[in-house]
Every structure is written in C-alpha cells, then in structure tokens.
Amino acid sequence: MKREDWSEFARKLDWELSYVSEKDAFPEVQSGRPWLPGTAWTNWDEPFRTNYGEYVAQQHAKEASVEAVRAAVGRLEAYQRLPTSWLDGLKLHAAMLPLAEFAAVVGNLRAARFGRDSAWRSTAVFAALDEMRHTQIPLLLMHELVRWDPQFDWTHKLFHTNNWVAIAARHLCDELLLASDAIEFAIATNFVFETGFTNVQFVGLSSLAHDVGDQMFEKMVNSIQSDEARHSQMGAPVLAKIVEHDRRYAQYLLDKWFWRSWLLFAVVTGFSMDYLTPLEHRTSSFKEFMQEWVIDQYLRTLSDFGLERPWYWETFLEGLDHYHHMVYASAYSYRASVWFNFVVPGPEDRAWLREKYPSSWGKFDPVWERITRRWQASDPGNDFAVHGTAIVSFCDLCQLVLSNGTPDWNSANVLDRQGRRYIFCSRPCRWIFEQEPERYAAHKNVVNRVLTGEAPANLVALVQRYFGLEYETWGKDAFAGDYPWMERTRR
Ligand SMILES: [Fe+2]
Ligand SMILES: [Fe+2]
Ligand SMILES: [Zn+2]
C-alpha cells in the first residue's frame, strides 16, 4: 500500500471502550482538565505527520550524522582549542540539559498513555524516544572531557546533588515534566517551553557556537532542535482545545509557564550569550535573541489564539534589561557555589553591554568596577578575596536567588501563610504560588534547610557538604582574576 492509503487510518487508530468508562481509562488527575468526552478530541490534529517506520529511518540518519561530526571534531583536543569562557558556558548548558531531558521522557509517556486522542498519543511516543536521545547525546559527548576537567562531570552529577541550581532546576523540571497531567504538560512543555523558548537556546546559541568554532555543540543542539521542532507541535492543538472550553485556565497555564521558563532561560542562555561567549564572537545580545526568537513569535501566537499577553508583561520587559545581569553579578560573587567558572567583563565587554542595554547597564557597571578594584588589590587566584561570605536568600517559588528587580529597586516580597513566611523574588513568582499554594507550600528553600539544620550554615561547609562541590570542581574566576586589561597595584 502507498503511504497515503494507510497513514491517516493508522495515526487515528482508536477504539471505543466497552467494559471500563472513559473516565476510568482517562482519569482527570492524569489526563488533565477540563475533562472532555473523547468525542470532543477526535479532530485533534498535528501538522507534521510521521509514522514509526519513517521516524526510525530519520532518527537513524540524525544519529549517524552526529556520530560523523563526533568522529571528526569530538575528541578532547578539539575542545581544548576553544575559548575558556565558552567552555564554562558549555559546562552550564551541558549540566542543565540531559537529566531534564530524561524527565521529559516521563512527561511524554504520560501523554502517550493519557493524551485524549490516538494521534496525540502516537506523537508523544516518538517524543519520548526523542527525549531519550537528548539525554544520551550530551552525556556521551561530555564524558570525553571528564578526564581533562572534572567540572564536566557535573553534566551527569548536577541533578543528583543539592546544589542550589539543582534545587531550582528540579523544582521547575519536576513540576513541568514529572508532575504535570497530559494537558498541562502539552501546554507548558510542548507549547511554552519547546515552541516558545528552546529556539533561543538551541538556534541562538548554536549560531554563536558556529562563530566560536564549536562544531560539536552546534551539531548537538541542531540535532536536538530538529526533534523539538517536530514534537513541540503537540502543544498548539491541545491549547486550541482548552481555549475553546476554558479560556481562563488556558491563559493561566500560559502565564505561569512563560514566567517560569523565562527565569530559567535568562540564567542558562543569558549567561552564555552576554558574558561567557567571547566578545569577538557575539552576534546579538541575549535581549536581541529573546526579541527575535521568543517575544515576537509568542505574542503573535497569543493573538492567533485570541489570548492576552501575561498580566506581568511590563515586569517581564523590564526584566529583559536587568534579570540575567543581576543573577550573573550575584553568581559571580558566589561562584564557589556552582560547578563552572566565571569571567569579569572587561572594558570592551562593558562598552558592548552599555551599547546593548542602554537603559540599564549604567546601574551594573559600578558593580564590575568594584569587583575589578577588589581583584586589583588581591593576589591572582585568591578567589575568596573577591567573593561573598554570607549565604544568599532564595525565592520560595523559582528557588533562584532573590535577584529580580533592579540595583535600585528590590522586588522581593513576602507572604504569610499558615504560620510560615514565604519570600518571592518577584510578583509573578508570588502570584504563581498563590494560585496553587498546596502544590508549593511544603517545599523548603536552601535558607529554610539551613535554619532547620539539614544544611550547614557556614558557606564553605555548605558548598562542600551540601552542594556537592570540592576545590577542584567549584567555580572560580576563569582567569584567576588576572586579566591583561586589569592592572595590579603593587603592594
Ligand atoms: Fe528534548
Ligand atoms: Fe522536547
Ligand atoms: Zn522567583
């Protein structure tokens, strides 16, 4: 038979239940709400159609082409030629990726069982297989580098630790990928995260990788993105159905997940694009990439669905000029608490940042001026002379440092609930918490864990005994504070 003679029939192959009810087979807790009868879902449609035979052939070709690039440029020597700070961005990216992708296998398998239409379920099976591949590729590629630099071991280790970044990443990934029902998963992961955001990380960052000469990274993310582009399309048809039956809930899920995704990408992608990619290889700023790859497209889709932009849109736009700069300066000051190294932006970087962020950079420049002066007065390599000592505070929703707002406006705010005081980095984080407090209230941030005695209060003890780091792996200044442009005062 020709493909067109059987494929429509195969993708919509389904049956009517005879001895269990639809509600028992597809309970709301797993399938999601609003719960609609199966007949309401029969026109579910995915624009890009595939079947198992085609899928296997395509994926095999992709694997072969990743393998060919790996054979050519995947050896240690090829990485050793790359700029130091780029490799630090790679350590950050590589550690955030594979185990989150593995959690996405679970989310997709839930949709493969509890999605309400047969074509949706089949597409989700392919997506689960995709995510397995996205777990394996970075683990395989980075493994080569562990013998050279033990920080690369965090590619696999991060999510198994209580490092503060891991706590924040798990708080997001566990909810997004493991705990979501099939409908929330489709809207949050397939629509907001994969359609909305992965482009900036995968397409934007891969163009920088091309410029830097990291062909292996470029190949890896392009190969992964080609899968994301296919399975992300499960989001729109689910969203359309929810908009039709419960517009408010659809709007809520979008607003919640856009904010949560934004904070994560601001850290992971923002650091790489505006600080860790060497200046001569930067093509656009993180903000410009966001405008091109996320904002324009997201707003267009919202209006296609007749939905509103999130209520916090102005806050978000202000954050584009501030948030990742705030977190980077904060993380630089606490670099021993993470598994990759940082750079101080030099005079040329700062001039570039001022040009790209004219409304905000004037507030950040003095921070780097001060850090520079501290280094000038310290010996190279004496990282703790230019480092914070007290433990910083974290948001009770996103679990990231309280670094929203701007250098002259602290956006942290508190909420008292059932005898406990919660603190949030921003109003949107607090708003998300207030929509589903029973979902979030029991979680302890790092400071709570210190106060209850689960984690040590001394910063170095916290880093070593709770965050899983040791001298060899904790973050340092990538140049030991010894930059060609940084003149040292003779002491
Ligand atoms: Fe993926
Ligand atoms: Fe995905
Ligand atoms: Zn927050």
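The values are calculated or read from the model by the stated rules, or taken from the named source; none is laboratory data. In this text, all values refer to a predicted model and were calculated from it rather than measured experimentally. Because the Cβ atoms are built from the backbone with ideal geometry, glycine has one as well, and the counts that use them run over all protein chains shown. Side chains included, ligands, DNA and RNA excluded: accessible areas come from the protein's heavy atoms. Shrake-Rupley method; radii C 1.70, N 1.55, O 1.52, S 1.80 Å.
Just need the relative contact order of the chain here, percent rounded to a whole number, with Cα pairs under 8 Å and 6+ apart. If you can, show how the numbers build up before the last one.
On the way: 634 pairs, mean separation 80.2, N = 491.
Once normalised by length, the contact order is 16 percent.
Could you tell me which helices of the chain pass both thresholds, a Cα extent of 30 Å or more along their own axis and a mean Kyte-Doolittle hydropathy of at least -0.5, with helices taken as whole DSSP H runs?
Helices passing the filter in the chain: 52-73, 118-146, 247-271.
Can you count the Lys pairs in the chain with C-alpha separation below 14 Å, eight or more apart or on different chains?
4
At a 10 angstrom cut-off on C-beta neighbours, averaged per residue, how do the peptides 417-426, 124-133 rank from highest to lowest?
Final packing ranking: 124-133, 417-426.
If you place +1 on the Cβ of every Lys and Arg, -1 on the Cβ of every Asp and Glu, and leave all else neutral, what size is the dipole of the chain about its Cα centre, to the nearest 20 Debye?
Working: 52 positive and 64 negative charges, 211 e Å.
Using only the charged Cβ atoms, the result is roughly 1020 debye.
Where a ≥ b ≥ c are the square roots of the eigenvalues of the C-alpha gyration tensor, would you call the range 272-324 rounded, which needs a/c under 1.5, or, failing that, prolate if a/b is larger than b/c, or oblate?
Taking the square roots of the gyration eigenvalues as a ≥ b ≥ c, the range 272-324 is oblate.
Calculate how large, on average over all directions, the projected area of the Cα convex hull of the range 369-438 is; give the answer in nm² to one decimal. Before the final figure, lay out each step's value.
Details: hull surface 25.4 nm².
Mean shadow area of the hull around the Cα atoms is 6.3 nm².
How do 121, 370 stack up against each other in accessible area, from largest to smallest, with a 1.4 angstrom probe?
Working: 121 35, 370 155 Å².
In descending accessible area the options line up as 370, 121.
How much of the DSSP beta bridge set in the chain is antiparallel, as a percent to the nearest 5?
90
Two decimals, Cα atoms only, Kirkwood Rh: what is Rg/Rh over the range 59-466? Please list the in-between numbers first.
Details: Rg = 20.8 Å, Rh = 22.0 Å.
Expressed as Rg/Rh, it is 0.95.
Per DSSP H run of n ≥ 4, the term is -39500 (n - 2.57); total these for the chain, divide by its residue number, and report the mean residue ellipticity at 222 nm rounded to 500 deg cm²/dmol. Each step should come with its number before you reach the end.
Details: 23 runs with 262 residues, N = 491.
That comes out to -16500 deg cm²/dmol.
If you roll a 1.4 angstrom probe over the protein chains with everything in place, what fraction of the accessible area of the chain belongs to carbon and sulfur, to the nearest %?
Its accessible area is 54 percent carbon and sulfur atoms.
Solvent-accessible area per residue for the range 59-466 at a 1.4 Å probe radius, Å²? Present the calculation step by step, with values, prior to reporting the outcome.
Numbers: 14690 Å² over 408 residues.
Per residue, the range 59-466 has 36 Å² of solvent-accessible surface.
Over the Cα atoms, compute the radius of gyration (one decimal) and Dmax (the largest Cα-Cα distance, rounded to a whole number) for the range 396-486, in Å.
Both quantities, over Cα of the range 396-486: 17.1, 55 Å.
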